[in-house]
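The values are calculated or read from the model by the stated rules, or taken from the named source; none is laboratory data. Just so you know, these numbers come straight off a predicted model, no measurement behind them. Here the Cβ positions follow ideal geometry from the backbone for every residue, glycine too, while neighbour counts run over all protein chains shown. Quick note on the areas: whole protein, heavy atoms, side chains included, nothing else; ligands and nucleic acids left out. Shrake-Rupley method; radii C 1.70, N 1.55, O 1.52, S 1.80 Å.
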Amino acid sequence: MSKPLAPRMRQIPARKSALLSVLDVGASKIVCLIARLTPMEPSEALRGRTHRCKVLGVGHQRSTGVKGGAVVDLRSAEQAARMAIDAAERMAGVEVGGVIVNMSGGRLASRRRGADAALRGKTVAEHDVQRVLEAAAMANGEPGRTILHALPTAFRLDATRDIRDPKGMVGAELGVDLHLATCDSAAARNLMLVIERCHLRVEAMVATPYAAGLSTLVDDEAELGAAVVDFGGGSTTVGVFSGGRLIHIDAVALGGIHVTRDVARGLNVSVSDAERLKTLYGACIASPSDDRETIAAHRLGDDTDHPSHLPKSELTRIIRPRIEEILELVRDRLRASGYAAQAGRRLVMTGGACQLTGMPELARTIISSQARIGRPLGIEGLPESGKSPAFAAAVGLMVYPQMAGLEYYAVTRQFTRSHQGEGGYAARVGRWLKESF
C-alpha cells in the first residue's frame, strides 16, 4: 500500500517568523537556498502567501550522481549536495539543520480517490471531515509508491458539489475528491538518504512541478487553470492547477541533457562544448540570418587547435526536433489525462531548458496559444542569476510552507496505524467515542 516516507510539514503560522533551508536536486544542478520568512500583509496578486521571503544564502553546484531526477550514485550526489549546502551556509552565516527537498524523478503520477461517509450529527464537524479524508486516502494503495501530496480538491454534501469547506454545513452524507501525488518509494528513499548522509533531516518532500507552480503562478492563474511545465536537465515535469489547487502531475523522461547529447552527436563535439553551444546559440526556431551567422566548434578527433566554423542554422536543425518531441509528449499526456481543459489553455514554462530562444513561440504552436516563461515572483535577496526560470522550483520550495495547510496531514498517522494494527482496547474505544460524539 502507498504511504508517505518523508515527514509532513505543518503550515507556518501566519504571525510567526522562520528560518528556512531548501535543496533543489536536479540532474544538471543542485541549489541550496537559505531564507528568512517574516509575516506580511496579504498581496493582491499573491493572495495565498502569508510571509515575505528574503534570501540570505545561495549555494549552487553542478549536479553529479543524479539522472532523470533520481539518484544513481549516492556518494557523488552527497558530495555535490554538501558543497551547495556549505556555500549557502557560509553566505548566510547560519548552520542548516534540515531542508525541504524537491522530487523530479520516480515516475511522478497522480491518483484520484473518492469516499463518502454518513453524517452522525446535524452539522459537519472536523472529525467528519477527517473521517472521509482518511477513507479516501486509504483506498486502493499501490505497492512500491509513496505519497508526496494529498490534496482535497472538492467536497460533496448530498447533491451539492464543489464545496471548499463543508464544516458547519448541514447534510446527510459527506463526500470528498482527493488528489494523491505519488512517486516511486525507492527513488524517494534514495533522495532522503543523500540528505541524511549530509547529517541533515528532511523537513518535507515536494513534487517539482508543484514547487515551480507555487513560485511562478499568480493567484488568478492558479484559480482559473494553468499548466506548469518544468523543463529540467534530466526530465520534464508537468503540474496542472485549477481552483487554486494542484489537481494533476505527470513527467516525461526527456530534458535539457538529451538536447545537449543530440548536439554533441550531431556536430561531433564534446558534451561540454555541446552544452556551451546550446546555451550561447541554441534556438528552437530558425531566423533568416542563421545561414549567414557562424559558430566555432572544436570537432572531436581534429588534430588542429583551430576550431571549425559552421552555420548557426545547423545547430537549430538539431535542437528543434527534440524540443518538438518533448512538447508533443507533454501535449499528448495532458490530453490523455483529461485535464487539458482545466489547464485553461494557459501554459507556464519553467526550468533551465525552457530558456532556449523561440521556446514560447514553439510551445504556442504545439500546446497552447497562451504560453509564457515563468520566473520566481515575490522573493527578495535573489541574485540576478537566481531570478531566471531555472530557479523556479528552488524558490517554490520556500513558498511551500505557506501553502502546506491545504494538504491532508493525518495520512502519516493513519497509514502507520494500518501497518501496526488497530491498537489496543482503549485506542478502539477512544476512536469510537471521537467518531460517535
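Each row is one residue, and each column tells you yes or no for (1) assigned to a strand (DSSP E or B); (2) open to solvent by less than 20 Å² (accessible area, probe 1.4 Å); (3) of a type in the set (S, T, N, Q); (4) out of contact with any His (no Cβ under 8 Å at 6 or more places or on another chain).
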| position | (1), (2), (3), (4) |
| --- | --- |
| 230 | yes, yes, no, yes |
| 239 | yes, yes, no, no |
| 246 | yes, yes, no, no |
| 263 | no, yes, no, yes |
| 273 | no, no, no, no |
| 280 | no, no, no, yes |
| 286 | no, no, no, yes |
| 289 | no, no, yes, yes |
| 292 | no, no, no, yes |
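Could you check the stretch 163-173 and list, in sequence order, the residues that are in a strand (DSSP E or B) and in contact (Cβ under 8 Å) with a residue 40 or more places away in the chain? Walk me through it before giving the result.
Looking only at the stretch 163-173, we keep the residues that are in a strand (DSSP E or B), and these are 163, 170, 173.
If the condition is that a residue be in a strand (DSSP E or B) and in contact (Cβ under 8 Å) with a residue 40 or more places away in the chain, then 170, 173 are the ones that fit.
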* Go through the stretch 99-154 and count every residue that is within 18 Å of residue 8 (Cα to Cα), more than 22 Å from the chain's Cα centre (by Cα) and either assigned to a strand (DSSP E or B) or aromatic (Phe, Trp, Tyr) (or both). => 0
* Tally the residues that are within 21 Å of the chain's Cα centre (by Cα) and assigned to a helix (DSSP H, G or I), restricting the search to the stretch 353-388. => 9
* How many residues are open to solvent by 30 Å² or more (accessible area, probe 1.4 Å) and touching a His at 6+ places or on another chain (Cβ under 8 Å) if we restrict to the stretch 75-96? -> 1
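Do we have residue 202 as surrounded by fewer than 23 Cβ atoms within 10 Å (Cβ to Cβ) and in a strand (DSSP E or B) here? Show your work before the answer.
Working: surrounded by fewer than 23 Cβ atoms within 10 Å (Cβ to Cβ): yes; in a strand (DSSP E or B): yes.
It is true that residue 202 is surrounded by fewer than 23 Cβ atoms within 10 Å (Cβ to Cβ) and in a strand (DSSP E or B).
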* Asked: Does the stretch 123-143 contain any residue that is more than 28 Å from residue 249 (Cβ to Cβ) and hydrophobic (A, V, I, L, M, F, W, C)?
  -> yes
* Candidates 99, 72, filtered to the one that is within 25 Å of residue 185 (Cβ to Cβ), aliphatic (A, V, I, L, M) and open to solvent by 30 Å² or more (accessible area, probe 1.4 Å) -> 72
* Could you please give the count of residues in the stretch 39-55 that are at pLDDT 95 or above and surrounded by fewer than 19 Cβ atoms within 10 Å (Cβ to Cβ)? => 1
* **Close pairs from the stretch 364-381: first touching a residue at least 40 places away in the same chain (Cβ under 8 Å), partner part of a loop (DSSP other than H, G, I, E, B), Cβ under 6 Å, at least 6 apart** => 368/345; 378/46
* To do: Tally the residues that are in contact with a Ser or Thr (Cβ under 7 Å, 6 or more places away or on another chain), closer than 26 Å to residue 71 by Cα and of a type outside the set (S, T, N, Q), restricting the search to the stretch 232-253.
  => 8
* To do: Please verify whether the stretch 214-226 includes one or more residues that are surrounded by fewer than 24 Cβ atoms within 10 Å (Cβ to Cβ), more than 24 Å from residue 356 (Cα to Cα) and β-branched (Val, Ile, Thr).
  => no
* Restricting the stretch 347-382 to residues that are farther than 20 Å from residue 393 by Cα and β-branched (Val, Ile, Thr), the residue that is surrounded by the most Cβ atoms within 10 Å (Cβ to Cβ) -> 367
* Every residue from the stretch 166-194 that is more than 20 Å from residue 112 (Cβ to Cβ), surrounded by fewer than 20 Cβ atoms within 10 Å (Cβ to Cβ) and out of contact with any Leu (no Cβ under 9 Å at 6 or more places or on another chain) -> 167, 168, 186
